[in-house]
Amino acid sequence: MNFGQILAEIFYTLIGIIFILVGVKALKDPGAQKKGTTAAFWFLLAFTFICGNWIPKWIVGVAILAMAALTGIKGVVQSASDVPDPAVVRERADKFGYKIFIPALSLAFSAVVLATLGSKVPALSWITANNSICLAGIIALIVVLCMTKAEPKYAVIDGTRLMDNVGPTGILPQLLSALGSLFTAAGVGTVIANGVAKVVPEGNKLIACAVYCIAMALFTIIMGNGFAAFSVITIGIGVPFLIAQGANPIVVGALGLTAGYCGTLCTPMAANFNIMPAALLEVKNKYAIIKSQVPVALCMLLIHIVLMYFFAF
Amino acid sequence: MDIIKLIGVVIVVIGFALKFDTIATVVIAGIVTGLVAGMTPMEILTTLGTSFVSQRTATLFVLTLPAIGICERFGLKEKAIDFIRSIKNATTGRVILIYQAIRTLAAAFSVRLGGHPQFVRPVVVPMAEGAAAARGVEVTDEVADVIRGASAASENYGNFFAQNCFMGASGTLLIVSTLVEAGYDVTAAQIAGWSIPIAVISVIVGAVRAILLDKKLGERSAE
């Protein structure tokens, strides 16, 4: 193990500690429902993060099954958090003014700077792209604590509060890439690829870009979730028809997910974005948001295909 | 019959469509796919576990939460609202476009603004409707639906098309882990960089949309 990998394990352990604290928060909350199952979920997740690298991997597989069972029986719920009082927040906003954006911006900036340093300076190669995200999170935390003079305990209080808000679905990207590798091992990608090969003339790059982007959007429309569509369609279509034909994987990947989001804009399945806000804004036609979005989504999808064709090859 | 291997995809589609628990659906889809493909339970557990551990990168965003949470405690959202409220004499289209641009920047820097409940409803919609009324447009139910639809849409455009510009965004990390798992060595910085063109283009498309909306409302005020 090199230093970069050891550092990464330290960061995963820190993340695991945040998960443990979310579980502890649920246990300590007198008004919380389903304390036991909620805490069990977060402790299991913490276990996979902290110990995962050091134990036989089938044990992690069992932990994943147990976590899925816990969320499947709707056993994981939010517990009470220390939510800041709006009046106090308003007062502080007036005191700090626009300066409060500095720590927020320092997060993104330091991540980019660190990643660049790590890739350019050989002595700093332990700052991998992943480590730079974690280091940036810590730098931004130091900046915000120094600026606001907030007690350090708020790092824990607010970190667990937001993590609990995000909830179990926060691990969805990670779980979907695990699903993707299972699909690959099972040969699902090959089946989709063989099916698509019957439709797509071999070697036609423009059609391949179009099929990938449109499939991504259509799948997202059906599932209402761009993340799930991304893993399936990238393995089934993106890799064999684009990347294996010489397309740049960075361009295909980056444009692939946002092509999927064009589908999100068109589907009532993405209720959080398209249907619930319609109720919240008290519009008469509950599809008013989708109606407004469809022309933009189609236009953006076309742009995705064109960009991918010109920049991926 | 290789086509049976697609059962996992079918399970995901049906599970998501029927709003079953997302995590349970994904795990069941994986296990069933492995079984029909003839993998042993032990192989399935090992594949699942190995990939879950190596893809912990997709959940790195957790370490950015403490800093963001404290910023919120000290008025991050409130100042963003103050900023957009300070805009005077804008047309409906421009109010919505300015919000989209702010939302795009915020998403690119991973700043959470609160979306539809905390920003669009209390700030953007009243300003956009007020701007229409100031131009002599009668804000009927039908006009309100158009303005509110466009306001809510601007939140979604900014959120969707710019979030991957941040290296630590969960979408960015999903792209990285999916490609790495497929054997292509890409980094979050590269994916974030290649997400910038679409973010910029989405604001340009939003600008065209805003001009068209203002024109449509202008015709109404002339009637």
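The values are calculated or read from the model by the stated rules, or taken from the named source; none is laboratory data. Not measured: the values here are computed from a predicted model. Counting neighbours? That spans all protein chains shown, and the Cβs are built from the backbone with ideal geometry, glycine included.
So which residues in region A:146-169 are among the small types (G, A, S) and either surrounded by 23 or more Cβ atoms within 10 Å (Cβ to Cβ) or part of a helix (DSSP H, G or I) (or both)?
A:A155, A:G159
Rundown of residues vs (1) surrounded by 22 or more Cβ atoms within 10 Å (Cβ to Cβ); (2) without any contact (Cβ under 8 Å) to a residue 40 or more places away in the chain; (3) within 8 Å of chain A (Cβ to nearest Cβ); (4) not hydrophobic (A, V, I, L, M, F, W, C), yes/no style:
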residue	(1), (2), (3), (4)
B:I3	no, yes, yes, no
B:I7	no, yes, no, no
B:I11	no, yes, no, no
B:L18	no, yes, no, no
B:I23	yes, yes, yes, no
B:A29	yes, yes, yes, no
B:A37	no, yes, yes, no
B:P41	no, yes, no, yes
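With region A:1-117 as the region, which helices (runs of 4 or more DSSP H) entirely inside it contain at least 3 residues that are within 22 Å of the chain's Cα centre (by Cα)?
So the answer is A:3-28, A:35-51, A:57-72.
Mind checking which residues of region B:35-66 are hydrophobic (A, V, I, L, M, F, W, C) and closer than 21 Å to A:T169 by Cα?
B:L45, B:L48, B:F52, B:V53, B:A58, B:L60, B:F61, B:V62, B:L63, B:L65 - these are the residues of region B:35-66 that are hydrophobic (A, V, I, L, M, F, W, C) and closer than 21 Å to A:T169 by Cα.
Filter region A:45-91 for residues that are closer than 30 Å to B:C71 by Cα and free of Cβ contacts under 8 Å to residues at least 12 places away in the same chain and give the result.
A:P84, A:D85, A:P86, A:A87, A:V88, A:V89, A:R90, A:E91
Which number in (1) farther than 30 Å from B:A189 by Cβ; (2) crowded, with 19+ Cβ neighbours inside 10 Å; (3) modelled with pLDDT under 95 marks the one condition that A:F41 misses?
Among (1) farther than 30 Å from B:A189 by Cβ; (2) crowded, with 19+ Cβ neighbours inside 10 Å; (3) modelled with pLDDT under 95, the lone unmet condition for A:F41 is (3).
Taking region A:157-183 only, how many residues are more than 7 Å from chain B (Cβ to nearest Cβ) and either under 21 Å from the mean Cα position of the chain (by Cα) or of a type outside the set (A, V, I, L, M) (or both)?
Selection size over region A:157-183: 5.
Out of curiosity, is B:A188 surrounded by 24 or more Cβ atoms within 10 Å (Cβ to Cβ), within 15 Å of A:A111 (Cα to Cα), facing chain A (nearest Cβ under 7 Å) and in contact (Cβ under 8 Å) with a residue 12 or more places away in the chain?
yes
Test B:I211 against the stated conditions and say whether it is at the interface with chain A (Cβ under 7 Å from one of its Cβ atoms) and either at negative phi or touching a Lys or Arg at 6+ places or on another chain (Cβ under 9 Å) (or both).
no
Looking only at residues in region A:62-94 that are more than 30 Å from B:T40 (Cβ to Cβ) and among the polar types (S, T, N, Q), which one is nearest to the other protein chains (Cβ to nearest Cβ)?
The qualifying residue nearest to the other protein chains (Cβ to nearest Cβ) is A:S81.
When region A:250-273 is examined, which residues are found to be at pLDDT below 95 and in a loop (DSSP other than H, G, I, E, B)?
Matches in region A:250-273: A:T267, A:P268, A:M269, A:A270.
Name the single residue that is farthest from B:N156 (Cα to Cα) among those in region A:272-300 being within 7 Å of chain B (Cβ to nearest Cβ) and polar (S, T, N, Q).
A:N285
The rows are residues; the columns are (1) surrounded by 24 or more Cβ atoms within 10 Å (Cβ to Cβ); (2) at the interface with chain B (Cβ under 7 Å from one of its Cβ atoms); (3) among the polar types (S, T, N, Q); (4) closer than 24 Å to A:Y261 by Cα.
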| residue | (1), (2), (3), (4) |
| --- | --- |
| A:V144 | yes, yes, no, no |
| A:A197 | no, no, no, no |
| A:M216 | yes, no, no, yes |
| A:V232 | yes, yes, no, yes |
| A:G236 | yes, no, no, yes |
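With the requirement that a residue be of a type in the set (D, E, K, R) and part of a helix (DSSP H, G or I), what does region A:199-241 give you?
A:K205
Go through (1) crowded, with 24+ Cβ neighbours inside 10 Å; (2) modelled with pLDDT of 95 or more for B:T33 and report which single condition fails.
Going through the list (1) crowded, with 24+ Cβ neighbours inside 10 Å; (2) modelled with pLDDT of 95 or more, B:T33 breaks only (2).
May I ask you to list pairs of residues, at least six apart or on different chains, whose Cβ atoms are under 8 Å apart, with the first in region B:59-70 being more than 7 Å from chain A (Cβ to nearest Cβ) and the second being aliphatic (A, V, I, L, M)?
Filtered contacts from region B:59-70: B:F61/A:I133; B:F61/B:A169; B:F61/B:L173.
Within region A:256-266, track down each residue that is surrounded by 24 or more Cβ atoms within 10 Å (Cβ to Cβ) and either in contact with a Pro (Cβ under 8 Å, 6 or more places away or on another chain) or more than 8 Å from chain B (Cβ to nearest Cβ) (or both). Can you show your working first?
Looking only at region A:256-266, we keep the residues that are surrounded by 24 or more Cβ atoms within 10 Å (Cβ to Cβ), and these are A:256-265.
A:A259, A:G260, A:C262, A:G263 - these are the residues of region A:256-266 that are surrounded by 24 or more Cβ atoms within 10 Å (Cβ to Cβ) and either in contact with a Pro (Cβ under 8 Å, 6 or more places away or on another chain) or more than 8 Å from chain B (Cβ to nearest Cβ) (or both).
If you scan region B:71-81, which residues turn out to be assigned to a helix (DSSP H, G or I), at the interface with chain A (Cβ under 7 Å from one of its Cβ atoms) and free of Cβ contacts under 8 Å to residues at least 40 places away in the same chain?
B:R73, B:L76, B:E78, B:K79
Among what's in region B:131-151 and is within 19 Å of B:I211 (Cβ to Cβ) and among the aliphatic types (A, V, I, L, M), pick the residue that is surrounded by the fewest Cβ atoms within 10 Å (Cβ to Cβ).
B:A134
Would you check which residues across region A:192-206 are over 25 Å from B:V10 (Cα atoms) and aliphatic (A, V, I, L, M) and list them?
Here is the first cut: in region A:192-206, the residues over 25 Å from B:V10 (Cα atoms) are A:201-206.
The answer is A:L206, and nothing else.
Could you identify the single residue in A:I20, A:I50 that is within 30 Å of A:V121 (Cα to Cα) and not basic (K, R)?
Testing whether each residue is within 30 Å of A:V121 (Cα to Cα) and not basic (K, R) leaves just A:I50.
Quick test for you: out of B:E129, B:E138, pick the one residue that is free of Cβ contacts under 8 Å to residues at least 40 places away in the same chain, more than 9 Å from chain A (Cβ to nearest Cβ), more than 23 Å from the chain's Cα centre (by Cα) and within 24 Å of A:Y287 (Cβ to Cβ). If you could, list the steps in order and put the result at the bottom.
On the way: B:E138 fails: free of Cβ contacts under 8 Å to residues at least 40 places away in the same chain.
Exactly one residue qualifies, and that residue is B:E129.
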